[in-house]
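What follows draws every value from the coordinates through simple rules; no lab data is involved. As the structure is a computational prediction, the values presented were derived from the model and not from experiment. Glycine also receives a Cβ, built like all others from the backbone with ideal geometry; neighbour counts cover every protein chain displayed.
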């Protein structure tokens, strides 16, 4: 009898051990992205607040709509958690990536990720790959090189190539006073993208960029900005927080949609060469 | 893909966009036989346009020694290998262009150079095609050969950079055919760097955008030739506008050299871009090498060039190279003088075909002194 009880106890323990991950999965792996309401949004991906919301594991698929297409899958999934506070929502995206790619250069792409939300709530969402002409999408985009410069890396070629040899910059001539308007004007002449105010270019105040699109190839800087982010490199991948405006026309408990994209620099992924999700339901609700 | 006509291939080909030729096409002729690789053109461009942060490695203009020179490293042979057979059936290209050979998921057949590929801009400089045995170098004809190839953006009729950009950040100006990267729109995906077979688009890591030769369009708009043309010591270059072959005008210097005399040829026409910088091939390089670089017309071009001493019009027009900063729209020969005209038929310059010769006597009777000529 005692032997039988012992056997039953052991079997129960084994069953419990087997069931436990499944139970945990049920708790944390939501079928939708739930932005749990909190008092204040965390800026860091390591903040304890992220444990208060469920995790959605989103399968990534190839961008296969327009050339250049990605033909070989790279990043398999992105783990997403979301928190909401006031009119803001914060997403934490985590994905496995063997290498840290944050130094741009010829043939050097950088690691990046993005969050995409329909511009306006609609029961029929826009096309999942960058929206469509009738239905715009808002995109918030984070890049590892922008993060590196915000984390302290300088904005010179020697910060990217420590052994670079530079003969002379005309705008560094002794005849031009450092910081003078004449000097700045001359320097701008040799950096046309910066001179034209290309939001993609130049030293940054945040590691993210607000964009809008109405289909593939239409990505444009958004008129309204204000998003922020923070990416931290872990042992095996990235953990990135993207904080942006919650869609004003979506109330708590109502569902909109969200999509994600991930680029691995080491795999030469950039622009259209990316792994992405389809639309995933997104809802904001009070924490339990 | 659309079907477009590429006269350099003698046939239609596939291209990402429909045929849309500009009102006028900026073009140039470079005489490889005159280039001395002084790199003054390279520096003229460098100091004018690419002295900024992130542009340190960029050479919108470069001069490489052929057969071994290349910038970026092996830009030509890598693509030639990828393209496989490049057979010509007479003057019709029977192989595939980089648009027709594009793999699944790609817009063009291409590759992207890495940092170190830009690190040796003068690799192969003055290297001969073969070994020179002791004493052989002073023999004529030389046992071995090399020549200088000056390169800028070709402002192609069918640019691969333009067709590679997934967001339409590159455009071809309708008024002069100059190809530009919109620095406000570019997001630095480097698809153009990958697509351009001549590797004349460069990524700027400081601005995060790609940049390229702009054909000195602010000068072109004023009727002036670009910096690399007017600073050329060897006077190897002339810039102008090229008509379609069926609309060629003998009084247009570019039309005369390219379409009528067929003495200047495109670089790697088999790639399919209809490039608009035309080269007078080197007279001393093997015909097979010239044919691979400049297409099936190379041997005839060399023969015509060799005969220029007996060809007053051709020799005269070649005298105009480097003789004026203005863009020559029309030219004519008046006996031993060549006259260049601008777009409003104003005279730009008048050049004698033969420089006058003055013989100075050793004894100067007026000043009562003897001058010595030092060899």
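Fewest to most neighbouring Cβ within 10 Å: what's the order for B:31, A:132, B:255?
Exposure proxy ranking, most exposed first: A:132, B:255, B:31.
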Run a plain Debye calculation on the range B:3-58 (Cα atoms as equal point scatterers, no solvent) and give log10 I(q)/I(0) at q = 0.18, 0.26 Å⁻¹, rounded to two decimals, same order as the q list. -0.87, -1.01
Quote the convex hull volume per residue of the range B:2-289, based on C-alpha atoms, as a whole number of Å³. 140
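Provide A:33, B:357, A:66 in ascending order of the number of other Cβ atoms located within 10 Å of each residue's Cβ, fewest first. Intermediate values should be presented prior to the final figure.
Numbers: A:33 27, B:357 5, A:66 15.
Taking fewest neighbouring Cβ atoms as first place, the list is B:357, A:66, A:33.
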Relative contact order as a percentage, the range B:227-279, C-alpha pairs under 8 Å and 6+ apart, gives 19
Considering the convex hull of the alpha carbon atoms of the range B:1-140, report its projected area averaged over all viewing directions, in nm², one decimal. 12.9
Could you state the angle between the C-alpha long axis of helix A:2-28 and the longest principal axis of the C-alpha atoms of chain A, as a value from 0 to 90 degrees rounded to the nearest 10? 30
Kirkwood Rh for the range A:184-264 from C-alpha pairs, in Å, is 15.9
With a bin width of 5 angstrom, please list the P(r) values of the range B:77-223 as percents of all Cα-Cα pairs, from the 0 bin to the one holding the largest distance. 2, 8, 14, 16, 16, 15, 12, 8, 5, 3, 2, 0
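Show that you can apply the helix-only estimate: for chain B, add -39,500 (n - 2.57) for every DSSP H stretch of four or more residues, divide by all residues, and state [θ] at 222 nm to the nearest 500.
Helix-only estimate at 222 nm: -4000 deg cm²/dmol.
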Can you pull the mean other chain C-beta count within 10 Å for peptide A:152-164? 2
Please report, in cubic angstrom per residue, the volume enclosed by the convex hull of the alpha-carbon atoms of the range A:42-142. 158
Distance between Cα centroids, the range B:311-370 to the range A:237-285: provide it in whole Å. 68
Mean-square fluctuation check for chain B, GNM, Cα pairs under 10 Å: which of B:195, B:124, B:110 is largest? B:124
Over all directions, how big on average is the projection of the convex hull of the alpha-carbon atoms in the range A:156-199, in square nanometres? 3.9
If we sort B:214-221, B:151-158, B:225-232 on the protection proxy, mean other Cβ atoms within 10 Å, highest first, what's the order? B:151-158, B:225-232, B:214-221
List A:238, B:49 from most exposed to least, where exposure is judged by having the fewest other Cβ atoms within 10 Å. B:49, A:238
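If contacts are Cα pairs under 8 angstrom and at least 6 residues apart, what is the relative contact order of chain B in percent?
In percent, rounded to a whole number, it is 19.
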Would you kindly calculate the translational diffusion coefficient of chain A, applying Stokes-Einstein with the Kirkwood radius from alpha carbon pairs, for 37 °C and a viscosity of 0.692 mPa s, and quote it in µm² s⁻¹ without decimals? 155
Quick one: among B:342, B:115, B:182, which has the greatest mean-square fluctuation in a GNM of chain B with alpha-carbon springs under 10 angstrom? B:115
How long, wide and thick is the protein assembly as shown, going by the Cα atoms along their three principal axes, in whole angstroms, largest first? 133, 61, 55
What average count of beta carbons from other chains do you get within 10 Å of the Cβ of residues in B:53-59? 6
Which residue, B:256, B:120, B:305, has the most motion in a Gaussian network model of chain B that connects Cα atoms within less than 10 Å? B:120
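Using the beta-carbon distance between residue B:357 and residue B:307 and R0 = 41 Å, what value does 1/(1 + (r/R0)^6) give for FRET efficiency, to the nearest 0.05?
Details: r = 24 Å, r/R0 = 0.59.
The calculated FRET efficiency here is 0.95.
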Give the relative contact order (percent, whole number) for chain A; include only Cα pairs under 8 Å separated by 6+ residues. 27
Computed helical MRE - 222 nm, chain A, DSSP H runs ≥ 4 contributing -39500 (n - 2.57), nearest 500: -5000 deg cm²/dmol
Can you tell me what share of the DSSP beta bridges in the protein assembly as shown is antiparallel? A percent to the nearest 5 is fine. 90
Rg and Dmax of the range B:59-101 over Cα atoms: what are they, in angstrom? 13.1, 36
Hey, got the average number of other protein chain Cβ atoms within 10 angstrom for residues in A:118-124? 0
